[in-house]
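Student: Shown below is the structure under consideration.
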Amino acid sequence: MVNTLWAESERTVPRAFRNYLDIQVEYNEEWLTRFSAEFDGCRILHLSDLYADLRPGFSVAVRAVLVGVACGLVAITGDLPTCTFGDYSGATQAIIKIIPDLMVPRFATGGKP
């Protein structure tokens, strides 16, 4: 299902949609002194506020960026669907398409009810 928000918004805020499709991986090193030594070197891939159902092909674009990203855990958080009402199955299906190559523990929690 294509989100109709895209067609209208693409004309009114084109920079926002270019940014939406400009998917990047950032590396941040954090020192968590209260964790045990077993976590030293652990990499967490954090995917946040995906709005995964906003644009067809988004999940394919994310998968392409994630090829070769090494991590020990995937955390998917924040706003996953575009809208706060209606059917969320489009966002769910898009996220399912993103994660099959990430063969590590995967956890998700949405920010919108």
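Student: Which of the numbered conditions does Arg43 fail, given that it passes all the others? Conditions: (1) closer than 17 Å to Asn28 by Cβ; (2) touching an Asp or Glu at 6+ places or on another chain (Cβ under 9 Å); (3) of a type in the set (D, E, K, R).
Tutor: Here Arg43 clears every test but (2).
Student: While we're here: For segment 61-86, which positions are β-branched (Val, Ile, Thr) and surrounded by fewer than 15 Cβ atoms within 10 Å (Cβ to Cβ)?
Tutor: Val65, Val67, Val69, Thr84
Student: Moving on to the next point. Can you tell me which residue within segment 87-113, out of those that are buried (at least 16 other Cβ atoms within 10 Å of the Cβ) and assigned to a loop (DSSP other than H, G, I, E, B), is farthest from the chain's Cα centre (by Cα)?
Tutor: Of everything passing the filter in segment 87-113, Tyr88 is farthest from the chain's Cα centre (by Cα).
Student: Give all pairs with beta carbons closer than 7 Å in which a residue from segment 20-37 that is in contact (Cβ under 8 Å) with a residue 40 or more places away in the chain meets a residue that is not in a loop (DSSP other than H, G, I, E, B); count only pairs at least 6 apart in sequence or on separate chains.
Tutor: Going by the 7 Å Cβ cut-off, the qualifying pairs are Leu21/Ala61; Ile23/Ala61; Ile23/Val62; Ile23/Val65; Val25/Val65.
Student: Quickly run through segment 54-113 and pick out the residues that are among the polar types (S, T, N, Q) and out of contact with any strand residue (DSSP E or B) (no Cβ under 7 Å at 6 or more places or on another chain).
Tutor: Of segment 54-113, the ones among the polar types (S, T, N, Q) are 59, 77, 82, 84, 89, 92-93, 109.
Answer for segment 54-113, where residues must be among the polar types (S, T, N, Q) and out of contact with any strand residue (DSSP E or B) (no Cβ under 7 Å at 6 or more places or on another chain): Ser59, Thr82, Thr84, Ser89, Thr92, Gln93.
Student: Among the numbered conditions (1) over 21 Å from Asp22 (Cβ atoms); (2) out of contact with any Phe, Trp or Tyr (no Cβ under 9 Å at 6 or more places or on another chain), tell me where Gly68 comes up short.
Tutor: Result: Gly68 passes all but (1).
Every number here is computed from the coordinates shown, using simple stated rules; none is lab data. A quick note: this is a predicted structure, and the numbers were derived from the prediction, not measured. Counting neighbours? That spans all protein chains shown, and the Cβs are built from the backbone with ideal geometry, glycine included.
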